[in-house]
Amino acid sequence: MSEFSALFDNSVLFWSLLSCLLAQFLKIIFNLFLTGNIRFGIMFETGGMPSSHSALITGVTSGIGFELGFDNPIFALAIAVSLIVMYDASGVRKAAGNHAIEINKFSKILDPKSELSLKETLGHTKLEVIVGSFLGPLITLPGIFFIGSPHRIFHLFIN
């Protein structure tokens with residue numbers, strides 16, 4: 001199997017990306033319940049419930065642990081990267097979003113005609129990160145265990 005073909009048969013990558021996409025889709029549902037409006041564009045925005053970054057990275061981490069073993073040093077590295085990504089989502093990026101809110105307010109005070117509008121929803125609350133971090137393994141592990149690789153899915157539908 002060529003390297004390119006092997007990439008498309010990577011079950012850890014496939015199921016982790018699927019958990020990320022599901023997290024993005026769930027943002028529409030959560031937004032509907034919170035605001036009463038359906039906004040499909042929210043799928044392409046950062047921030048919000050749940051964190052798709054957390055779903056992706058914890059999906060990859062749990063998949064690596066399942067495939068290689070939870071005592072493997074690569075799994076330890078994946079845990080470290082996961083913690084950094086989730087800290088960044090709820091810490092650094094959230095703080096940058098809070099700064100953007102204040103800068104936008106200050107800009108309007110200084111110049112009411114100002115068109116400066118920084119993006120304010122950059123990061124996540126701790127709850128959004130936690131929900132995303134549970135979603136990743138919840139999709140990835142059963143997907144790998146019960147179904148397996150994307151090629152297997154393709155063959156299930158063909159045969």
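Every number here is computed from the coordinates shown, using simple stated rules; none is lab data. Please read all numbers here as calculations on a predicted model, not as lab measurements. Virtual Cβ from ideal backbone geometry, glycine too; neighbours counted across all protein chains shown.
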HN-Hα couplings for the stretch 62-76 via Karplus (6.51, -1.76, 1.60; θ = phi - 60°), in whole Hz with x for Gly/Pro, come out as 5, x, 4, x, 5, 6, 9, x, 6, 9, 7, x, 5, 5, 4
Which distance in nm do the two modelled labels at residue 130 and residue 8 give, with both placed 7 Å along the Cα-to-Cβ direction? 4.1 nm
Could you tell me which GluC sites (Glu not before Pro) in the stretch 62-148 are loop residues by DSSP with no more than 14 other beta carbons within 10 angstrom of their beta carbon? 115
Phi-based couplings in Hz for the stretch 87-103 (Karplus 6.51, -1.76, 1.60; Gly and Pro marked x): 5, 4, 5, 9, x, 5, 5, 5, 5, 4, x, 5, 5, 4, 4, 5, 5
Student exercise: in the chain, how many lysine pairs 8 or more apart or on different chains have Cα atoms under 14 Å apart? 4
Label corresponding to semi-axes √(5λ) of the Cα gyration tensor in Å when calculated from the structure given, among [x] 23, 17, 16; [y] 27, 17, 13; [z] 36, 19, 13: [z]
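About the Cα centre of the stretch 94-159, how large is the charge dipole given +1 on each Lys and Arg Cβ and -1 on each Asp and Glu Cβ? Please answer in debye to the nearest 20. Please report the intermediate quantities before stating the final value.
Values: 7 positive and 5 negative charges, 16 e Å.
The dipole of the stretch 94-159 has a size of about 80 debye.
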Could you work out [θ]222 nm for the chain from helices alone, using -39500 (n - 2.57) per DSSP H run of at least four and dividing by all its residues? Round to the nearest 500 deg cm²/dmol. -23000 deg cm²/dmol
For residue 118 paired with residue 45, estimate the spin-label separation in nm (one decimal), with each label point 7 Å from Cα along the Cα-to-Cβ line. 1.8 nm
Rounded Å value of the spacing that divides the Cα centres of the stretch 10-37 and the stretch 81-156: 11 Å
Residue-wise HN-Hα coupling along the stretch 45-52, computed from phi with Karplus coefficients 6.51, -1.76, 1.60 (Hz; x: Gly, Pro): 10, 8, x, x, 9, x, 6, 6
Simple spin-label estimate for residue 98/residue 71, 7 Å along Cα→Cβ, in nm, reads 4.3 nm
